[in-house]
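**Q** Dropping the structure in here first, questions after.
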Amino acid sequence: MSDKTPITVAYGDGIGPEIMEATLKIITAAGARIETEVIEVGEKVYLSGNSSGIAPESWDSLRKTKVFLKAPITTPQGSGYKSLNVTTRKMFGLYANVRPCVSYHPFIKTKHPVMDLIICRENEEDLYAGIEYRQTRQVTQALKLISYPGTEKIIRYAFEFASKNNRKKVTCFVKDNIMKITDGLFHKTFVEIGEEYPDLEKEVWIVDIGAAKLATTPEQFDVLVMENLYGDILSDVTAQMTGSVGLAGSANVGDEFAMFEAIHGSAPRRAGQNKANPSGLLLGAVMMLVHIGQPDVAAKVHNAWLKTLEEGVHTYDIFSEGVSKIAVGTREFADEVIARLGQKPAILKAVEYSSESHHKVDKVNTKSLSAVRKDLVGVDVFLDWTSGSPDDLGNILSKRKADNLELQQISNRGVKVYPHGSANIGTVDQWRCRYMNPDNGKIVTHGAIVEMLGKLREHGFDFVKTENLYNFDGEKGYSLDQG
Ligand code: NAD
């Protein structure tokens, strides 16, 4: 039997084929024990009529190898094309996106000479669930979906990763001063799970000031964990701060499957010019080698690459007069790295990998919530309505009651407008009408909600959405209006 690990490889679009060739050449020269299966993904597949950018038979290779080294792809402009990355992450449960961002001062110009941090970004939920609606002529909506299991998994991953890789601190970014339920869950889970890791320092920042601190004093951070959208934006910012977006690799990790890539895109304007920096994809491949149990080869490649940077052999994106020594293209850069295989950097810190320092953590078992009591206590009915003032709407709706269900208040864009709303509030054509048991806090039935909707329909109201209001173990599972 072959001792080679089968991996699935996609050459991608734009600069993808050039940087993939360079990457595979380097890791093969370093002795990577891999067997590649090539699949086609990206622009050509999209334009052939496949809206997800990957042919059905390619999934077979991925299901078999469970390891995917992927060059960036171009998503054609226009609607109707689904993101291949998002699809792959969801199909294979790749819940953690791990993005190391490191400065290589003084060899690569950066405003932040001391920087060695890792962003663990939740990869399956948040606004990236892609659940969007246009509900009225004036109002569109995207759902921010944050689940208990999804949150537990990424936060436990970040703590496990930090302790396995000898990191000292884990920082969580949230916006729970505004999103008290969704980001509040992320914050609370971070604190709860953090207690199981007494040796690690922990801190929580509101994402806006946290991002400002990250951009000005990245040396204060070590491992960071955050929701999908914050992580997507901040990991690009952080990678660019190290000197070039072309320098960072990334791992997308699930319980069974992992995908490795550069964090940048296909840079179509640089395609076919032998100019692109292959470093991001190469560092993605280094993470892959660690993942498949070849830490020796990973360290050999990584150290030769550091040595190459240190000797001033630079592609155009990191070339700087006075610092760089030789400007090279993609292929020449690969050859220079290969020439240094077996060497270690003299000034930059050499890396060491062992079978412990992997990106995979043991399967995360999330806690059961089946004992939590769930009581239906009301409903929010969203109406598309343009026939008068908030008081007009309130007066009409207050007269329509169902069994134990009465209008309590109306809000518009989250601000209370009835009863006693401020006259200055600008409103749009979507109204959130909150119905609850007049005997406050008591449960209501689904039957009463259906009866109320029937009454609204009889009176010609267009209800565009309903959202049930639940208490969980007596705690409100819905937000209150502002104002
Ligand atoms: P991009 O990351 O492709 O390029 C932005 C700029 O960064 C380039 O113009 C170039 O100047 C520089 N750059 C990026 N990678 C470089 C490298 N390796 N070496 C040197 N310079 C590099 O971003 P974009 O232009 O916004 O997106 C181009 C395409 O890539 C789009 O179709 C987008 O959808 C796609 N994309 C794909 C992925 C992916 O497959 N993972 C990720 C992001 C964007």
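The values are calculated or read from the model by the stated rules, or taken from the named source; none is laboratory data. The structure displayed is predicted, hence computed values, not measured ones. Note: ideal-geometry Cβ built from the backbone for every residue, glycine included; neighbour counts use all protein chains shown.
**Q** Given the conditions (1) more than 10 Å from the ligand (Cβ to nearest atom); (2) assigned to a helix (DSSP H, G or I); (3) of a type in the set (D, E, K, R), report the number of the one that D236 does not fulfil.
**A** Status for D236: all satisfied but (1).
**Q** Moving on. How about the stretch 1-32: which of its residues are within 12 Å of the ligand (Cβ to nearest atom) and polar (S, T, N, Q)?
**A** Initial filter on the stretch 1-32 (within 12 Å of the ligand (Cβ to nearest atom)): 10-16, 18-20, 22-23.
Once the filter is applied, which keeps residues that are within 12 Å of the ligand (Cβ to nearest atom) and polar (S, T, N, Q), the stretch 1-32 yields only T23.
**Q** Can you tell me which condition V225 does not meet? The list is (1) within 11 Å of the ligand (Cβ to nearest atom); (2) part of a strand (DSSP E or B), and all the others hold.
**A** (1)
**Q** If you check every pair at least six apart or on different chains, which have Cβ atoms under 7 Å apart with a residue in the stretch 73-88 that is at positive phi and modelled with pLDDT under 80 first and a residue that is within 9 Å of the ligand (Cβ to nearest atom) and among the aliphatic types (A, V, I, L, M) second?
**A** Close Cβ pairs (under 7 Å, with a partner that is within 9 Å of the ligand (Cβ to nearest atom) and among the aliphatic types (A, V, I, L, M)) do not exist here.
**Q** Give me a count of the residues in the stretch 409-449 that are part of a strand (DSSP E or B) and surrounded by fewer than 19 Cβ atoms within 10 Å (Cβ to Cβ). It would help to see each step written out before you state the result.
**A** Step one: of the stretch 409-449, the residues part of a strand (DSSP E or B) are 409-412, 415-418, 430-436.
Next, only the ones that are surrounded by fewer than 19 Cβ atoms within 10 Å (Cβ to Cβ) stay: 415.
Looking only at that region, the number is 1.
**Q** To continue, here is another question. Give me the pairs, please: first residue somewhere in the stretch 9-23 and at pLDDT 95 or above, second residue anywhere and away from the ligand (no atom under 11 Å from the Cβ) and of a type in the set (S, T, Y), beta-carbon distance under 6 Å, and either six or more positions apart or on two chains.
**A** Short answer, once both residue conditions are applied: V9/T36; P17/Y11; M20/Y11.
**Q** When residues of the stretch 128-140 are filtered for being touching an Asp or Glu at 6+ places or on another chain (Cβ under 9 Å), farther than 17 Å from V253 by Cβ and not in a strand (DSSP E or B), how many remain? Let's see the steps before the verdict.
**A** To start, the set of residues in the stretch 128-140 that are touching an Asp or Glu at 6+ places or on another chain (Cβ under 9 Å) comprises 128, 135-140.
So of that shortlist, the ones also farther than 17 Å from V253 by Cβ come out as 135-140.
Subsequent filtering for residues that are not in a strand (DSSP E or B) retains 135-139.
Total satisfying the criteria: 5.
**Q** What number of residues within the stretch 84-126 satisfy the criterion of being farther than 27 Å from K213 by Cβ, within 14 Å of the ligand (Cβ to nearest atom) and of a type outside the set (A, V, I, L, M, F, W, C)?
**A** Count: 4.
**Q** Quick check on the stretch 98-136: of everything there that is buried (at least 19 other Cβ atoms within 10 Å of the Cβ), in the same structural domain as I155 (by TED's automatic domain parsing) and polar (S, T, N, Q), which residue is farthest from E256 (Cα to Cα)?
**A** If we take residues in the stretch 98-136 being buried (at least 19 other Cβ atoms within 10 Å of the Cβ), in the same structural domain as I155 (by TED's automatic domain parsing) and polar (S, T, N, Q), then T136 is farthest from E256 (Cα to Cα).
**Q** Here is a further query. Can you go through P278, P268 and tell me which one is within 11 Å of the ligand (Cβ to nearest atom) and farther than 19 Å from C101 by Cβ? Walk me through it before giving the result.
**A** On the way: P278 fails: farther than 19 Å from C101 by Cβ.
The conditions single out P268.
**Q** Hey, can you tell me all the residues within the stretch 239-265 that are outside any helix (DSSP H, G or I) and near the ligand (Cβ under 8 Å from one of its atoms)?
**A** Of everything in the stretch 239-265, those that are outside any helix (DSSP H, G or I) and near the ligand (Cβ under 8 Å from one of its atoms) turn out to be S244, E261, A262, I263, H264, G265.
**Q** All but one of (1) farther than 24 Å from E451 by Cβ; (2) not in a loop (DSSP other than H, G, I, E, B) hold for L393; which doesn't?
**A** (1)
**Q** Quick test for you: out of V337, V286, V351, pick the one residue that is within 15 Å of the ligand (Cβ to nearest atom) and either in contact with a helix residue (DSSP H, G or I) (Cβ under 8 Å, 6 or more places away or on another chain) or in a loop (DSSP other than H, G, I, E, B) (or both).
**A** Working: V286 fails: within 15 Å of the ligand (Cβ to nearest atom); V351 fails: within 15 Å of the ligand (Cβ to nearest atom).
Going through V337, V286, V351 in turn, the sole match is V337.
**Q** Looking at V174, is it in contact with a Lys or Arg (Cβ under 9 Å, 6 or more places away or on another chain), at pLDDT 95 or above and surrounded by 17 or more Cβ atoms within 10 Å (Cβ to Cβ)? Working first, answer last.
**A** Details: in contact with a Lys or Arg (Cβ under 9 Å, 6 or more places away or on another chain): no; at pLDDT 95 or above: yes; surrounded by 17 or more Cβ atoms within 10 Å (Cβ to Cβ): yes.
When the stated conditions are applied, V174 does not pass them.
**Q** Kindly indicate the residue of the stretch 44-72 that is in contact (Cβ under 8 Å) with a residue 40 or more places away in the chain and within 27 Å of L234 (Cα to Cα) and also surrounded by the fewest Cβ atoms within 10 Å (Cβ to Cβ) among those meeting that condition.
**A** By that ranking, first place goes to V67.
**Q** Quick check on F190: is it of a type in the set (A, V, I, L, M, F, W, C), buried (at least 22 other Cβ atoms within 10 Å of the Cβ) and more than 28 Å from P278 (Cβ to Cβ)?
**A** Values: of a type in the set (A, V, I, L, M, F, W, C): yes; buried (at least 22 other Cβ atoms within 10 Å of the Cβ): yes; more than 28 Å from P278 (Cβ to Cβ): yes.
When the stated conditions are applied, F190 passes them.
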